[in-house]
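Some notes on the structure that comes next.
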Amino acid sequence: TVGPVLTRVFLPPENGCTVTLIDTRGGDETMKNSHSEMGCPFGHVDSIVLVFDASRVETFHRLNNLWLPLIEHFFGGDVPVVVAGNKVDAAEDKSEPHGAGPTPGQIVSLLKNFKFVRQLIKCSAKELFNV
C-alpha cells in the first residue's frame, strides 16, 4: 500500500536549476493535519507548480481548501505558484464520461484569494500540450 505522500524525485540539475517532484496522490485531510504538526513539508523552494485534474472539479477544490492555504501558511505568499490544469483533453471531450472542471468564476475566485498564484495554465500530458 502506498502512503499519502510518494517518494520525492530529484531531477539532475540543468542550467543550475534543481527540480524536486512530489506526488501526493490527492492530499487527504490527514496530510494537512500531519504537516501542521511536523512543520513545513516542502523545505526551501523558489517556486511551486500545483497540478489538478481539469476534468474533476473536486481536485480544483482541493487546491482552494488544502494546498494553497498550506502554502500560504508556510511561505506567507512569498513563493510564486503556478497552477496547471492537466487533462484538458478529457475536460473538453464531450464524448468522454467525466466530471466537470472548474468554472471561470471559480478560477477567478482562486486568483483573487491567493495573490501568490502567478499563472494558471491548461495542459494535457496525453496530447503533449503545454508540458
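Quickly run through segment 42-60 and pick out the residues that are closer than 16 Å to Thr103 by Cβ and in contact with a helix residue (DSSP H, G or I) (Cβ under 8 Å, 6 or more places away or on another chain). Selection gives Phe52, Asp53, Ala54, Ser55, Val57, Phe60.
Look at (1) modelled with pLDDT of 65 or more; (2) of a type outside the set (S, T, N, Q); (3) more than 17 Å from the chain's Cα centre (by Cα); (4) surrounded by 12 or more Cβ atoms within 10 Å (Cβ to Cβ) and you find that Leu11 fails only one, number (4). When you scan segment 75-90, do you find a residue that is open to solvent by less than 30 Å² (accessible area, probe 1.4 Å), farther than 28 Å from His44 by Cα and at pLDDT below 80, even just one? Yes. In segment 116-131, the residues that are without any contact (Cβ under 8 Å) to a residue 24 or more places away in the chain form Cβ pairs under 7 Å with partners that are exposed (fewer than 15 other Cβ atoms within 10 Å of the Cβ), at six or more places apart or across chains, as follows: Val131/Ala125.
The values are calculated or read from the model by the stated rules, or taken from the named source; none is laboratory data. Note that the structure is predicted; figures quoted are calculated from it, not measured. Here the Cβ is made from the backbone with ideal geometry for all residues, glycine too, and neighbour counts use every protein chain on show. These area figures cover heavy atoms from the full protein model, side chains too; ligands, DNA and RNA do not enter into them. Shrake-Rupley method; radii C 1.70, N 1.55, O 1.52, S 1.80 Å.
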